[in-house]
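Heads up, the thing below is written out as structure tokens.
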Amino acid sequence: MKEKLFVVGDVHGEYDLLEKLLQHWNKEEETLVFLGDLADRGPESKRCFLLVKELVETYQAVCISGNHEVLFLDFLQFPQKKFSHYVMNGGYATLESLFYSGVLEENTPEQLADKIQSDYADLVRFLKALPFYYETDYCLCVHAGVNLDLEDWRETEPSDFVWMREAFFQHEKALEKLIVFGHTPVQYLHKNGFQTHIWYQNHKLNIDGGAAYEGSLHGVVISKNGLEKDYQIFHPNHRWE
């Protein structure tokens, strides 16, 4: 096992930002960990999905599930029922990325789901197998948070791992190990729409720089000594205060 982690925040289809960020990853010393939300909203969800899948298979990278992976799989399982909710939450961009511009207008939700199951069967299997957290002896990586009211946080409900917000990061309780998470853009936690720097409080580290909202994509290096480095790649349309 490598001594350090290189943890990547919510990508949301921003392939160019991801490509630049990964130039800072030290393959020899750092296990690459993705916090989920690889797709939706950004322009190149397909490339993000396939790149991360390749990195997991080739370099033993780790990818945990985010709520947008759950939304995608829910749509595939219940296309008619979940279509509007998925599209409203950024799925429109993903579906066009997987096929072509205008594909939603030319196919029913059921036809789209069938096409994905047929054309991207390996990707669907990959996403279904994603874990909800990744743990080392010094760090816990999770998409949204864990239930700190439980005696054992590992018994957190699956939906909480990918959806919870204030009930986790505002909780007075913490773990002995650092918890690295995303899901809630740091702009919200900083109460400033222009502030994309990482947020740290009570042994909880949020690295979602709001890449999907023209913010930034973070990659942090974590070791037994804590946070060692933070690389931040800004969206080309990022506005400064």
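The values are calculated or read from the model by the stated rules, or taken from the named source; none is laboratory data. Quick caveat, the model's predicted, so the values are computed rather than measured. Neighbour counts run over all protein chains shown; Cβ positions are idealised from the backbone, glycine included. The area values use the complete protein model at the heavy-atom level, side chains included, leaving out ligands, DNA and RNA. Shrake-Rupley method; radii C 1.70, N 1.55, O 1.52, S 1.80 Å.
Has the range 119-131 got at least one residue that is open to solvent by 50 Å² or more (accessible area, probe 1.4 Å), more than 16 Å from the chain's Cα centre (by Cα), farther than 15 Å from Phe49 by Cβ and modelled with pLDDT of 95 or more? Don't jump to the end; show me each part of the working.
The first filter runs over the range 119-131 and keeps only residues open to solvent by 50 Å² or more (accessible area, probe 1.4 Å), leaving 119, 122, 125, 128-129, 131.
Imposing the further condition that a residue be more than 16 Å from the chain's Cα centre (by Cα) reduces the set to 119, 122, 125.
From what is left, the residues that are farther than 15 Å from Phe49 by Cβ are none.
No, the range 119-131 contains no residue that is open to solvent by 50 Å² or more (accessible area, probe 1.4 Å), more than 16 Å from the chain's Cα centre (by Cα), farther than 15 Å from Phe49 by Cβ and modelled with pLDDT of 95 or more.
Within the range 82-108, restricting attention to residues that are outside any loop (DSSP other than H, G, I, E, B), of a type in the set (Phe, Trp, Tyr) and out of contact with any Pro (no Cβ under 6 Å at 6 or more places or on another chain), which residue is surrounded by the fewest Cβ atoms within 10 Å (Cβ to Cβ)? Talk me through it step by step, then tell me what you get.
Initially, the range 82-108 is screened for residues outside any loop (DSSP other than H, G, I, E, B), giving 82-98, 103-106.
Right, trim to of a type in the set (Phe, Trp, Tyr) and you get 83, 86, 92.
Cutting the leftovers down to out of contact with any Pro (no Cβ under 6 Å at 6 or more places or on another chain) gives us 86, 92.
On the way: Tyr86: 24, Tyr92: 15.
Restricting to residues being outside any loop (DSSP other than H, G, I, E, B), of a type in the set (Phe, Trp, Tyr) and out of contact with any Pro (no Cβ under 6 Å at 6 or more places or on another chain), the top hit is Tyr92.
Determine which member of the set Val56, Val33, Val70, Val11 is assigned to a strand (DSSP E or B), in contact (Cβ under 8 Å) with a residue 40 or more places away in the chain and within 15 Å of the chain's Cα centre (by Cα). Break it down into steps so the answer makes sense when it comes.
Working: Val56 fails: assigned to a strand (DSSP E or B); Val70 fails: assigned to a strand (DSSP E or B); Val11 fails: assigned to a strand (DSSP E or B).
So the residue among Val56, Val33, Val70, Val11 that is assigned to a strand (DSSP E or B), in contact (Cβ under 8 Å) with a residue 40 or more places away in the chain and within 15 Å of the chain's Cα centre (by Cα) is Val33.
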> Which of the residues belonging to the range 162-182 are open to solvent by 10 Å² or more (accessible area, probe 1.4 Å), of a type outside the set (A, V, I, L, M) and under 25 Å from Asn225 (Cα atoms)?
Replying inline: Gln170, His171, Glu172, Lys173, Glu176, Lys177
> Among the listed residues Val33, Val11, Val7, which satisfies the condition of being crowded, with 24+ Cβ neighbours inside 10 Å, of a type outside the set (Phe, Trp, Tyr) and farther than 27 Å from His85 by Cα?
Replying inline: Val7
>> When you check Phe72 against the structure, is it closer than 20 Å to His143 by Cβ and either open to solvent by less than 10 Å² (accessible area, probe 1.4 Å) or at pLDDT 95 or above (or both), yes or no?
In response: yes
>> Restricting to the range 36-59, and then to whatever is among the basic types (Lys, Arg) and out of contact with any Ser or Thr (no Cβ under 6 Å at 6 or more places or on another chain), can you tell me which residue is least open to solvent (accessible area, probe 1.4 Å)?
In response: Lys53
> Which residues, taken from the range 73-118, are in contact with a Leu (Cβ under 7 Å, 6 or more places away or on another chain) and touching a residue at least 40 places away in the same chain (Cβ under 8 Å)?
Replying inline: Leu73, Asn89, Gly91, Ile116, Gln117
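Restricting attention to the range 149-159, report how many residues are closer than 16 Å to Ser65 by Cβ and surrounded by fewer than 20 Cβ atoms within 10 Å (Cβ to Cβ). Steps first, answer last, please.
To start, the set of residues in the range 149-159 that are closer than 16 Å to Ser65 by Cβ comprises 154, 156-159.
Then drop every residue that is not surrounded by fewer than 20 Cβ atoms within 10 Å (Cβ to Cβ), which leaves 154, 157-159.
Total satisfying the criteria: 4.
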> Pairs, please: C-beta under 7 Å, at least 6 apart or cross-chain, first residue within 19 Å of Ile222 (Cβ to Cβ) and in the range 186-199, second of a type in the set (A, V, I, L, M) and part of a loop (DSSP other than H, G, I, E, B)?
Replying inline: Val186/Ile198; Ile198/Ile207
> So Tyr92 fits all but one of (1) among the aromatic types (Phe, Trp, Tyr); (2) closer than 30 Å to Asn147 by Cα; (3) within 18 Å of the chain's Cα centre (by Cα); what number is the exception?
Replying inline: (2)
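Could you tell me whether Leu104 is closer than 15 Å to Phe49 by Cα and of a type outside the set (Ser, Thr, Tyr)? Talk me through it step by step, then tell me what you get.
On the way: closer than 15 Å to Phe49 by Cα: no; of a type outside the set (Ser, Thr, Tyr): yes.
No, not satisfied.
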